4 protein chains.
Amino acid sequence: MSTIHRLEPKIFHTTFGRNEPAFHIASGDTIVAETRDARGQDKHGAPLPDSMKPRADGFEYSPNNPLVGPIYVEGAEPGDALAVHIEKIELNRPSAWSSHSPNFGSLTGEQYSRRLLLNDPLPRLLFHWSLDLERRIGVLELTESRITRFELPLHPFIGSIGVAPRYGRVETALTPGEYGGNMDCVETRAGTTIYFPVWARGAYLSFGDIHAAQGDGEVCGSALETTAEVTLRVEVKKQWAIDWPRLEDADFLMTTGSLHSLLDAVRVAQIEMLNWLMNDYGFAKWESWQVISQASTMRIGNIVDPNYTVVVKFPKALLAVPPH
Amino acid sequence: MSTIHRLEPKIFHTTFGRNEPAFHIASGDTIVAETRDARGQDKHGAPLPDSMKPRADGFEYSPNNPLVGPIYVEGAEPGDALAVHIEKIELNRPSAWSSHSPNFGSLTGEQYSRRLLLNDPLPRLLFHWSLDLERRIGVLELTESRITRFELPLHPFIGSIGVAPRYGRVETALTPGEYGGNMDCVETRAGTTIYFPVWARGAYLSFGDIHAAQGDGEVCGSALETTAEVTLRVEVKKQWAIDWPRLEDADFLMTTGSLHSLLDAVRVAQIEMLNWLMNDYGFAKWESWQVISQASTMRIGNIVDPNYTVVVKFPKALLAVPPH
Amino acid sequence: MSTIHRLEPKIFHTTFGRNEPAFHIASGDTIVAETRDARGQDKHGAPLPDSMKPRADGFEYSPNNPLVGPIYVEGAEPGDALAVHIEKIELNRPSAWSSHSPNFGSLTGEQYSRRLLLNDPLPRLLFHWSLDLERRIGVLELTESRITRFELPLHPFIGSIGVAPRYGRVETALTPGEYGGNMDCVETRAGTTIYFPVWARGAYLSFGDIHAAQGDGEVCGSALETTAEVTLRVEVKKQWAIDWPRLEDADFLMTTGSLHSLLDAVRVAQIEMLNWLMNDYGFAKWESWQVISQASTMRIGNIVDPNYTVVVKFPKALLAVPPH
Amino acid sequence: MSTIHRLEPKIFHTTFGRNEPAFHIASGDTIVAETRDARGQDKHGAPLPDSMKPRADGFEYSPNNPLVGPIYVEGAEPGDALAVHIEKIELNRPSAWSSHSPNFGSLTGEQYSRRLLLNDPLPRLLFHWSLDLERRIGVLELTESRITRFELPLHPFIGSIGVAPRYGRVETALTPGEYGGNMDCVETRAGTTIYFPVWARGAYLSFGDIHAAQGDGEVCGSALETTAEVTLRVEVKKQWAIDWPRLEDADFLMTTGSLHSLLDAVRVAQIEMLNWLMNDYGFAKWESWQVISQASTMRIGNIVDPNYTVVVKFPKALLAVPPH
C-alpha cells in the first residue's frame, strides 16, 4: 500500500547531509511538496522567514537553495539505490527571475574562491520573466535591445535534488557530486526516474530549486528560477550499489558525472554508462565501449558551479535484451 | 547560372592549407564528389594508390583522412565567409569500420604527444559494421557479449570539412580549429549550411571522412568510418568576417569552438553565439547573454583530437526579427 | 608573557572544522606536540587506538591524516589572520613509508570518485624508507632495479595544517582549500610563518602529517610519511583579512591557491600575490603585475588531491619599502 | 676538429620547420650569432628590414620572434638526438621591454582564438627596462606606484630554441612542442645542454628571443625582451631517440612537456623523467616512479602560449651509477 504524504516543511535546510530528518516515509510512498526558489521565496514571492531557517549549530552555510527535506526513507541502506520517480512538476508562480553576477560562471572570472581575473568584473543584473502557465511560455521584456520581447517555451525541471553525501555535509547552493545535488540538469523533469546511490542509512532525500527553463550549461549562472508543487514517488532498490546518480525515462538510460573539470565529468559519466551496459545489459567491456561511442549523446548540466555536471544518454530502443 | 562540377580528384591531400588547388569554382556553383574513408579506402574498399598521394615537398604529414580538394572559390577573400550548403550525403559502401587504439581518446592515456599514463595501454581493436543502406541501419556482430548483434540507425555526416587555416598547413587527420577541419560534429549533415571564415584568397575548401553514425564526443576515437557521394553548393558571403565556423539548418543557428580544453571550446562557441545574436539579431550584450543562457543547447563534437569541438545551438523559432 | 603548551591529544580528528576544541591558547603562545603519520601511527609505529578516534556523530569521514587539534586561539575572529610560526619540526621516528595506489594521482586514473579510466589500474605498492636522523638522509632499498639503494636528503615539513574552513567540515586526508589543509607543500617547514584567514571565531588550528621529504607535486600520491615533534608559535594578526593562506620566510613572500584545476590554482596564487604587493608594498596594479611576472617563481604542492596546491614566491630582497 | 661559425643571417624566419637552411655545420661545431628580440629589433633597437624577412610562399605567419636559422646539422637523422650546449649568452643591448596585451595570458581572457571572456579586455601597456649589463641588473621606473624604482637581477636565457617539428611548420612566436620552440623556460641558460629529438634529416636548429629575466610562467605574456650574442656548441647523439626535449646542467637532469593543459604538460615531463631513469640509470619502473616522486622538482616555463611548458628536474647527485 503506497501512502501519499503532503509535506509541510517547518525548516528548509541549505545543506545535503545527515540533518535531523524532517519526514519519514516508506519505500513506495509518494510525496507532494511546494518548493522555494533559489533565494528562498515561495509561490507568492514571500521570503523564507527566519523561523524556517536551520538553527546555527556551529556551521555556517550559504542561505541559497533552501530545500524540502531531508526525507528519511525506511529501509534504505548503503549498497542500495534510491529510485525517485518525478511524477509531476506543477509550476505555481507566474514569475521567475534570472541574473548574472560579477564573478560567477565559466565565461567570466569565477567567484571568490576560484578564478579571480585581472579584468574588471561584470555588472550584477537581475532579469524578471513573466510565466504564462497556461501557454507554458516565459516572457522577458527587453529594455536595451532593438527588439523588445523574448518568448521562451517552458520545460520545468528540478535544479537541486540529492541525498546525503558519502561524507559530511555539502551546501545545496552549488556543488553537485556523487550524491546528486545542484546538477541543474534539464533531464530531471516529470517522467524521469533518478537513481541515487544510498550513502547513509535512510538516504536523506532533499529537493527544490525549480527551473522553469534553462539552456545547457546554465552559462550565466542562473535559470528561470521559480517555484512548483512537486510530486515524487520514492522506492528503495535493494542491493544495487551504484557510484553516481543515474536517470531513466521512456527513451533513455542516462548516467551523470559531476566534477571539475568538464572533461572529468564527461569521463565519469561515460564510464558509468559503460558499467551499466556491462553489468545489466549483456555487453562485454570493449563492445560496450563501441556501442556507447557510436550511439550515445551528452547533455551539459551546468558549467558554473564548483563541479560541472554531464549527462550521457543511451537510447533504450537499441537494447535488445531486458536487464537481468 | 550555377554550374555543377563533378570532381574526380587526382590527388587526395592530408592537409588543410594553400596546397595547389585541384579545382576552381565560382560562387554559387555546386560540386559533387566521392570521398575516401579515414584510411584512404574508396567505396570498393580499395586503398589510395601512391599516385594519388601528395608529393613529398619537405613536409611529412600523417596519411590519414585524405580529402577532396582544395577547391579554389573565385572571389572569396579574407573578410568574407564561405557558405557551404550540404545538399546530399549518399552513402555508397555497404560497410564501415570503427576501432580503438592503445593510447588514443580522452578516456584512456592519450597518444604519443599527449597523456602518457603509467597504466598499461589498451588493446588495439577493429570493428566491422555492415551498412544496410536501404533501411539506413548499421549492424555490428558482437562476439564477446551475451547478446550477439547491435543495430544502429544511420545519420551520415561529414567528419572533416574546412578551408585553409589562418597560418600554414594543418593535418586533416586530427586537429580542428578556426578553419573547421576534423570537427567530427554530427550537425554537418545534409540540410546544414556551414559558414567558414575565409582566411586565404580562394578559401581552399576540402572535405571527406564520412561518418555513417557517431555518438557525441566520438569517445573511442572513431565513428562508423565509410564513404559517400557528397553534393555541396558553395557561395561566397561578401564582407561577413566571422572568427569561427558557424552552422545553420532549418531549426537552429549554431556556433562552434574547437580547442583544448573542452571548457575553452564551450567558451568560444558561447561567445560566438553571443556575437551572432548581438550583431545580426538585434540583441544588446547582456540580454543576448540571458537568452542564450536560457534557450541554447550544446553538442560535443569530439573529445579525442588535440582540439575538442563544441557546438552551441540556438532555436531560430525564438528569433522575432530577421537578421538585418 | 608567552606560554608554552605541551599538547597531549586525547582525540585525533580527521576533519578540519568546528570540532570541540581540544586546547585553548592565547595569541603569542607556543605549542609543542607529537604528530601521528598519515595512517595514524605514532613514533613507535603503533596505530591510533579506537579510544583516540573521534566519536561518530552522524558523519562518516576517512580515517586518514589524524591531526593534533583543533586549537582554539583566543581573540581570533573572522577578518583577522592567524600567523603560525613553524619553529621546529624534529623527526622522531627512524622510518617512513611511501606508496602508490591503484587509482590515485594525476599520472594514472584517479580515485573512486574521479577519473575512472578504461585502462587496468596500477598495482598497490608500499615502500619502506629508513631515516638516518643524524645525517638527515632517507634510504630506500631497491629490489627490482639494477641499483640497490637510493639515498635522499631529508627536508621535513608539515603536510597538513589548517584552520576551520568557511563552511562545514572538510576531511584532513585530502582536500586543501582556502583554510589550508592538506597542501603538501614543501615550504611549510621550520622557519616559515603561515598566515591563515580566520573563518571561525577561535580559528580552530589543526596540524600533522609530517613529510620527511617529497618531490614537487607528490606525484605518486604520498611522500616520506612519518612523525615529528612540532613546535609552533601562534599569533593573531588583528584586522588582516586575507582570502587564502600566505607564507613568509627569511627570503620570500609566498601565496597559495588550492583548486582543481592546476591552472586555477596558479591563477589564485598569482592574484593573491598581486593583491599583497598592491596592498602592503606600494605597487599599483599593473606595475605589481609586471614585477610579479618578471621576478616570481612557483612551486607545485600536490597534484594528486581533489584540489591541487600552487605556491607563488616573491623575493623579499626586491622590495624597497617595508609594508605599512 | 671543431669549427667555429660566426653566423650572419640574411633572413630571419618566424617558423620552425624545413625552411631553406641558412647554414650548414658539422656535429661538434660551434656557432656564434647575434639574435633579434621578439619584435625583430637588433642590439641597436633597429627593426628587421623587409629584405631580411622570409619571402611569402603561400603561407602567412606572425612576424614575431624572428630567429637565427635554420641550421642544417650534417649527420643528424630521425632517431638521433641533437645536443645543443649553451656556452654563452652575452646580453648586448642596454634595454629590454615587457608588456601586457588586451587578451593574452592565463590570468585574463586569452587571445583571439582562445578564451574570449565577457569581461572588458585589459589595457595594452608597454614597459621599458634599463639593463645595467655590468651589474647584471634590470631597472624599471615606476610611474603609478608609491615606490618609484624596481631593480631585478638578470638571469639571461634563450626564450625560443628548437628544431623542425615532426610535421609541417610551426610559428616561432608562440607554440612550444615536441620540437622545443617558444618554451620560455628559465633553464635554457648558459651551462645547460638541450637534447632535441631529431624529426627531420639535418635537424634544422633555430634560436633567438633572448630574455634578460623572467618569472615562472611568464604570466603577463612577456619577459625582459632583449638581444644577445649567443654561443652554442652542437653535437649529434646518434641513435638516441627521445620523444621530447631534455635538458642537463651540472646539477640536474631535466625533462620537458609542452602542452595545453598545464596538467598534461606536467604528465608528459614526469613520464619523460620516468623513462630517462629507467632507460639510462638502472631503475625499474615503480622504483623509478618513487624516487622521482620523492626527489624531483618542477619549474613552469610559460602559461600564456597555446601550449604551456613544464620542466621536471632530478638532482644528479642522487644517481649512484653513470648511465650505461
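The values are calculated or read from the model by the stated rules, or taken from the named source; none is laboratory data. If you're wondering where the values come from, they're calculated on a predicted model, not measured in any experiment. Backbone-built Cβ (ideal geometry, glycine too); neighbour counts: all protein chains shown. Remember, those area values only see protein heavy atoms, side chains included, never the ligands or the DNA or RNA. Shrake-Rupley method; radii C 1.70, N 1.55, O 1.52, S 1.80 Å.
For the stretch A:269-323, the candidate set comprises residues that are hydroxyl-bearing (Ser, Thr, Tyr) and open to solvent by less than 30 Å² (accessible area, probe 1.4 Å); within that set, the residue that is nearest to the chain's Cα centre (by Cα) is A:THR309. Counting only strands (runs of 3 or more DSSP E) that sit wholly inside the stretch B:136-226, those with at least 3 residues that are in contact (Cβ under 8 Å) with a residue 60 or more places away in the chain and not aliphatic (A, V, I, L, M) are B:157-162, B:193-197, B:205-211. For the stretch D:252-268, a residue qualifies if it is polar (S, T, N, Q) and either over 14 Å from D:ASN182 (Cα atoms) or open to solvent by 10 Å² or more (accessible area, probe 1.4 Å) (or both), and the qualifying residues are D:THR255, D:SER261. Note on the stretch C:10-37: residues that are part of a loop (DSSP other than H, G, I, E, B) and more than 12 Å from C:GLY208 (Cα to Cα) amount to 12. When the stretch D:178-188 is limited to residues that are of a type outside the set (S, T, N, Q) and under 19 Å from D:PHE104 (Cα atoms), the one that is farthest from the other protein chains (Cβ to nearest Cβ) turns out to be D:MET183. Are any of the residues in the stretch C:39-57 surrounded by 21 or more Cβ atoms within 10 Å (Cβ to Cβ) and either part of a loop (DSSP other than H, G, I, E, B) or among the hydrophobic types (A, V, I, L, M, F, W, C) (or both)? No. Residue under question is D:HIS44, and the condition is that it be out of contact with any Pro (no Cβ under 7 Å at 6 or more places or on another chain), away from every other protein chain (no Cβ under 14 Å) and at pLDDT 95 or above; does it hold? When the stated conditions are applied, D:HIS44 passes them.
Of B:ARG233, B:ARG246, which residue is among the basic types (Lys, Arg), under 16 Å from B:GLY162 (Cα atoms), surrounded by fewer than 23 Cβ atoms within 10 Å (Cβ to Cβ) and touching a strand residue (DSSP E or B) at 6+ places or on another chain (Cβ under 9 Å)? None of the other options fit; the residue is B:ARG233.
When the stretch A:132-187 is filtered for residues that are under 28 Å from B:PHE314 (Cβ atoms), of a type in the set (Asp, Glu) and touching a strand residue (DSSP E or B) at 6+ places or on another chain (Cβ under 8 Å), the ones remaining, listed by number, are A:ASP132, A:GLU141, A:GLU151, A:ASP184, A:GLU187. Checking C:ASN275, C:ASN302 one by one, the residue that is at pLDDT below 95 and closer than 27 Å to C:GLY69 by Cβ is C:ASN302 and no other.
Looking across the stretch A:245-273, just one residue is in a helix (DSSP H, G or I), touching a helix residue (DSSP H, G or I) at 6+ places or on another chain (Cβ under 7 Å) and more than 8 Å from every other protein chain (Cβ to nearest Cβ), and that is A:MET273. Going residue by residue through the stretch B:5-17, is there one that turns out to be among the charged types (D, E, K, R) and surrounded by 13 or more Cβ atoms within 10 Å (Cβ to Cβ)? So far as the stretch B:5-17 goes, no, none of its residues is among the charged types (D, E, K, R) and surrounded by 13 or more Cβ atoms within 10 Å (Cβ to Cβ). Here the condition is being open to solvent by less than 80 Å² (accessible area, probe 1.4 Å), at pLDDT below 90 and either within 14 Å of chain A (Cβ to nearest Cβ) or closer than 19 Å to B:ASN302 by Cβ (or both); of B:SER101, B:SER145, it holds for B:SER101 alone.
Residues that are within 25 Å of D:ASN64 (Cβ to Cβ) and of a type in the set (Gly, Ala, Ser) do not occur anywhere in the stretch D:238-250.
Candidates in the stretch C:121-141 are the residues that are modelled with pLDDT under 95 and open to solvent by less than 70 Å² (accessible area, probe 1.4 Å); of these, the one that is nearest to C:GLN214 (Cα to Cα) is C:LEU125. Scan the stretch A:166-187 and tell me whether some residue there is open to solvent by less than 10 Å² (accessible area, probe 1.4 Å) and more than 14 Å from the chain's Cα centre (by Cα). Yes; the residues of the stretch A:166-187 include at least one that is open to solvent by less than 10 Å² (accessible area, probe 1.4 Å) and more than 14 Å from the chain's Cα centre (by Cα). Of all the criteria given as (1) open to solvent by 40 Å² or more (accessible area, probe 1.4 Å); (2) over 29 Å from B:ALA241 (Cβ atoms), the one not satisfied by B:SER2 is (2).
So for the stretch C:282-298 (the condition being touching a residue at least 60 places away in the same chain (Cβ under 8 Å) and closer than 23 Å to C:SER222 by Cβ), does at least one residue qualify? No, the conditions are met nowhere in the stretch C:282-298.
Please indicate, with yes or no, whether at least one residue in the stretch C:70-90 is of a type in the set (A, V, I, L, M, F, W, C), within 13 Å of chain D (Cβ to nearest Cβ) and assigned to a loop (DSSP other than H, G, I, E, B). Let's see the steps before the verdict.
Applying the first criterion (of a type in the set (A, V, I, L, M, F, W, C)) to the stretch C:70-90 yields C:71, C:73, C:76, C:81-84, C:86, C:89.
Now narrow it down to the ones that are within 13 Å of chain D (Cβ to nearest Cβ): none.
No, that holds for no residue.
Residues that are within 14 Å of chain B (Cβ to nearest Cβ) and in contact with a Ser or Thr (Cβ under 6 Å, 6 or more places away or on another chain) within the stretch A:148-173 comprise just one, A:PHE157.
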